[in-house]
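First the structure, in the form of structure tokens, and then the observations on it.
The values are calculated or read from the model by the stated rules, or taken from the named source; none is laboratory data. Remember, it's a predicted structure, so these values are computed and weren't measured experimentally. Using ideal geometry, Cβ is built from the backbone for each residue, glycine included, and neighbour counts are taken over all protein chains shown. Calculation scope for accessible area: heavy atoms of the full protein, side chains included, ligands and nucleic acids excluded. Shrake-Rupley method; radii C 1.70, N 1.55, O 1.52, S 1.80 Å.
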Amino acid sequence: MSMVDAAIAAITAQQAKVKDRSPQWMVGEQLKDICRAEPASAELILQDLEKEAMSITEAEKKIKAFADGHKTGNCSCVTPAESDRILRKFYGLPASSVSPDGLTPSPEGKASIGAGKIIDLADFF
């Protein structure tokens, strides 16, 4: 089993303990995306998930605290970039090299997707 598969299995096991589509479950989905996109981060996530203090439930509490601290009236929201930053800090992961949409360079890192390549759209016609 690869490190990515092992990390995803550990995340899935923790997700089974919470309600589907709950904030904690969604943290697991975001961590799975990070593992798939950045296999080197999967090992760090797997090691951390073995500790109760580093569970997806505890990670969600960090995101909720951020949301609660940035309320507008009775509403709060956390953008994908903000939650990514919070999770990376919580799990000690390096900054992403790509923005949360997966397509554009991130200001925190260097873009690896299509860097330095020129695409001629005429090739597609």
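Between a first residue in segment 41-56 that is modelled with pLDDT of 95 or more and a second residue that is of a type in the set (D, E, K, R), which pairs have beta carbons less than 7 Å apart while being 6 or more apart in sequence or on different chains?
As it stands, the answer is 54/48, since those pairs meet every condition given.
Scan segment 1-20 residue by residue and report those that are in contact (Cβ under 8 Å) with a residue 12 or more places away in the chain and small (Gly, Ala, Ser).
Across segment 1-20, the qualifying residues are 2, 6, 7, 10.
Residues are listed down the side, and each one gets a yes or a no for (1) at pLDDT 90 or above; (2) surrounded by 17 or more Cβ atoms within 10 Å (Cβ to Cβ); (3) in contact with a Cys (Cβ under 9 Å, 6 or more places away or on another chain):
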{"site": "13", "(1), (2), (3)": "yes, no, no"}
{"site": "24", "(1), (2), (3)": "yes, yes, no"}
{"site": "38", "(1), (2), (3)": "yes, yes, no"}
{"site": "73", "(1), (2), (3)": "yes, no, no"}
{"site": "80", "(1), (2), (3)": "yes, no, no"}
{"site": "97", "(1), (2), (3)": "no, no, no"}
{"site": "101", "(1), (2), (3)": "no, no, no"}
{"site": "104", "(1), (2), (3)": "no, no, no"}
{"site": "112", "(1), (2), (3)": "no, no, no"}
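Being surrounded by fewer than 17 Cβ atoms within 10 Å (Cβ to Cβ) and either over 9 Å from the mean Cα position of the chain (by Cα) or touching a residue at least 24 places away in the same chain (Cβ under 8 Å) (or both) is the filter here; which residues of segment 26-36 pass it?
Of everything in segment 26-36, just one residue is surrounded by fewer than 17 Cβ atoms within 10 Å (Cβ to Cβ) and either over 9 Å from the mean Cα position of the chain (by Cα) or touching a residue at least 24 places away in the same chain (Cβ under 8 Å) (or both), namely 36.
Is it the case that residue 59 is open to solvent by less than 30 Å² (accessible area, probe 1.4 Å), in contact (Cβ under 8 Å) with a residue 24 or more places away in the chain and hydrophobic (A, V, I, L, M, F, W, C)?
For residue 59, the condition - open to solvent by less than 30 Å² (accessible area, probe 1.4 Å), in contact (Cβ under 8 Å) with a residue 24 or more places away in the chain and hydrophobic (A, V, I, L, M, F, W, C) - is met.
Which one is most open to solvent (accessible area, probe 1.4 Å) among residues in segment 40-56 that are among the small types (Gly, Ala, Ser) and in a helix (DSSP H, G or I)?
Within segment 40-56, the match that is most open to solvent (accessible area, probe 1.4 Å) is 40.
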